[in-house]
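Take a look at the structure set out below.
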Amino acid sequence: MHARTTLWLKNKATGRFCTEIRFTFPFLGSSALSGRKTDMSQGQGQAPTGQDQDQVTGMVCLESDLQDGQMKEVEVDEQKILLVRTQGLYSAVGSKCSHYGAPLIKGALVGDRVRCPFHGACFNIKTGDIEEYPGLDCLPSYKVKVEDGKVYVSVNKKSLKLYKRVKDMSCRVSGVRHTVLLIGGGPASLLCAETLRQNCYEGRIVMVTKDTLPPIDKPKLSKAMHLESASLLLRPTDFFQQHDIELWTQKEAVSVNPVEKTVKLNDGSLHYYDQLLISTGCRARPLSCPGSELEGVRILQSYEDAREIHQSCVGKKAVVVGASFIGMEVASYMADKAASVAMVGNCSYPFERSLGPEIGKMTMQMLEESKVKFYMNDGVVEIRGENGKVKEVVLKSGAVVETDVVIAGIGVIPNSDFLKESQVEVDSRKAVIIDKFMRTNIPDVFGAGDVTSFPLTIRKDQRVNIGHWQLASAHGRVAALNMLQKQIKIDSVPFFWTVLLGKSVRYTGYGEGYAEIIFKGKVEERKFLAFYIKDDQVVAAASLMFDPAVARLAEMMSNGLVITKAQAQSDDLSWLQM
């Protein structure tokens, strides 16, 4: 057995401990060494210098209580801690996911990392570092000591109530003229900026967004449309100032000149870059039928859109067009707030193409129980108004639905129009084509997030365009590391979730073109695990009330394991517990 220690190097220009070098040496004792990073949750951190005198230590269990590959939630001075045993060694990290605070004890432990059961974030159980998204921050890690068959965990008193840790970051150094320009204000740009600073990048970072706010938690917009902006911010405004990340809001790129290495903004200004990230995401596809210009016809794109939809629908009649994720989440949210909610979809059931008809039928029944009326295999041909405001919607079937508000959730369009004259390659859908290193066909121009088409590892590098929050975050990190010449490939397994009436369906993998679905449990009872099969292999999975099955499957896929149709068909799912 071996253990690790860490040597911290001080950046002479900034005076901060930023770089780390880890050594491996023969393990000599019975306690696990956990490589600890500086806890930035308390402000500017200092490098670890040995035993902290301001600690509280508690005996949490016997050494024999856990076997390899097992976890236990323990407490030290009322602080909940996740205790893990792997390869005969104990380690301890924070017990809550840094994303939304889910209990990691309910997650999937595979090797040296634990995956959150709710939304798929992954953490190294030795260091607490976040290794897969969503979320931004790491877990605190704690010192573990095994003595006389007893396991002790020590916690710094100053961090007793903290459940997440911000990694140490550098700042810009005067005289360093290198500039990274990030076009877009979503998770890809934010993770790119933070990863650059976490890896001691000391040049200029500029993030340009057309939004009025700093980066926000956009998945919440369709699930909780009433939230105040402050509760949606991924980072407070002073965070950007503290780490010398320039944030330009309400600005939009209109052209890129790769020869001159410049970007022109909508205010006419011209800005030079050394490296450029295109992470402009997608925009909601608008309705194009007669009457779509009437007051009361809305799309969900921004925080302001969400607030306006919420305010205009409360106590009013609403029609939602599009029975996929955005439309269904909006209808679910409005079910107990609007006077009536009608859903118009162009297939037999919601989610039919992505999750399958069985799950789609179940979700449809859930919303019908909450008085949402469905018009399926239908579409909008006209929106009629009175005095410039929406009055009713005319459907292909001939039905006429009275309404005060129409919300369209009918797909998205990649925001790549500004690249027309740049020679940056795009595909037939106008998504920016990138490789596994996030590079476009133009030197020093990278792409990330929903605007891109990229090779997906679990589908033998099939080129895909996937609009998942988790993938956009991973793209941003990988783009930053490759800007720094670290040659890191994207290998994340897609993971997303949707919430309807308080019930969360989780999904992992890539099931496009699946041939059949194998179910465990019963969909009609709203407790199930679905395996999507293609070429006799499981290519994706979805679940409801079946945690942590999808999280574990995501980890298995991430480790390159092939899950066969025969395994999915078997009544014995012990392989899922490995």
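The values are calculated or read from the model by the stated rules, or taken from the named source; none is laboratory data. Owing to the predicted nature of the structure, the values given are computational and were not obtained by experimental measurement. Positions of Cβ are generated from backbone atoms using ideal geometry, with glycine treated the same way; all protein chains shown enter the neighbour counts. Surface areas here come from the heavy atoms of the whole protein model, side chains and all, with no ligands, DNA or RNA. Shrake-Rupley method; radii C 1.70, N 1.55, O 1.52, S 1.80 Å.
Things to note:
- Residue match in segment 286-300 (condition: closer than 26 Å to residue 417 by Cα and part of a helix (DSSP H, G or I)): no
- Hits in segment 362-378 - residues which are crowded, with 17+ Cβ neighbours inside 10 Å and not β-branched (Val, Ile, Thr): 362, 364, 366, 367, 374, 375, 376, 378
- The set of residues from segment 468-485 being part of a loop (DSSP other than H, G, I, E, B) and in contact (Cβ under 8 Å) with a residue 40 or more places away in the chain comprises just one member, 484.
- Every test in (1) touching a Pro at 6+ places or on another chain (Cβ under 7 Å); (2) assigned to a loop (DSSP other than H, G, I, E, B) is passed by residue 213 save one, and that test is (1).
- None of 66, 28, 62, 7 is at pLDDT 95 or above, open to solvent by 70 Å² or more (accessible area, probe 1.4 Å) and either over 22 Å from residue 154 (Cα atoms) or of a type outside the set (Ser, Thr, Tyr) (or both) except 62.
- Unique residue being in a strand (DSSP E or B), assigned by the TED database to the domain that holds residue 222, open to solvent by less than 30 Å² (accessible area, probe 1.4 Å) and out of contact with any strand residue (DSSP E or B) (no Cβ under 6 Å at 6 or more places or on another chain) when the list is 454, 446: 454
- Among the numbered conditions (1) surrounded by fewer than 24 Cβ atoms within 10 Å (Cβ to Cβ); (2) farther than 30 Å from residue 273 by Cα, the only one that residue 486 does not meet is (2).
- So residue 317, is it open to solvent by 30 Å² or more (accessible area, probe 1.4 Å), touching a Ser or Thr at 6+ places or on another chain (Cβ under 7 Å) and over 30 Å from residue 533 (Cα atoms): yes
- With respect to (1) open to solvent by 10 Å² or more (accessible area, probe 1.4 Å); (2) touching a residue at least 40 places away in the same chain (Cβ under 8 Å), the lone exception for residue 134 is condition (1).
- Scanning segment 228-265 for residues that are free of Cβ contacts under 8 Å to residues at least 24 places away in the same chain and in a loop (DSSP other than H, G, I, E, B), we see that the one that is most open to solvent (accessible area, probe 1.4 Å) is 259.
- Residues in segment 280-303 that are out of contact with any strand residue (DSSP E or B) (no Cβ under 7 Å at 6 or more places or on another chain) and open to solvent by 70 Å² or more (accessible area, probe 1.4 Å): 288, 293.
- All positions within segment 425-443 that are touching a Ser or Thr at 6+ places or on another chain (Cβ under 8 Å) and open to solvent by 10 Å² or more (accessible area, probe 1.4 Å): 425, 426, 427, 429, 430, 433, 436, 442
- Looking only at segment 397-419, and only at residues there that are without any contact (Cβ under 8 Å) to a residue 40 or more places away in the chain and of a type outside the set (A, V, I, L, M, F, W, C), the one that is farthest from residue 282 (Cα to Cα): 398
- Test: residue 421 is at pLDDT below 95 and either in contact with a Pro (Cβ under 9 Å, 6 or more places away or on another chain) or open to solvent by 30 Å² or more (accessible area, probe 1.4 Å) (or both): yes
- The listed residue being open to solvent by 20 Å² or more (accessible area, probe 1.4 Å) and among the hydrophobic types (A, V, I, L, M, F, W, C), out of 400, 394: 400
- Residue that is at negative phi, open to solvent by less than 30 Å² (accessible area, probe 1.4 Å), out of contact with any Cys (no Cβ under 6 Å at 6 or more places or on another chain) and part of a loop (DSSP other than H, G, I, E, B), where the choices are 342, 338, 323: 323
- Residue tally, condition part of a strand (DSSP E or B) and either on the phi > 0 side of the Ramachandran plot or open to solvent by less than 50 Å² (accessible area, probe 1.4 Å) (or both), over segment 522-563: 13
- Being closer than 25 Å to residue 470 by Cβ, in contact with a strand residue (DSSP E or B) (Cβ under 8 Å, 6 or more places away or on another chain) and either outside any loop (DSSP other than H, G, I, E, B) or open to solvent by less than 60 Å² (accessible area, probe 1.4 Å) (or both) is a property that does not hold for residue 155.
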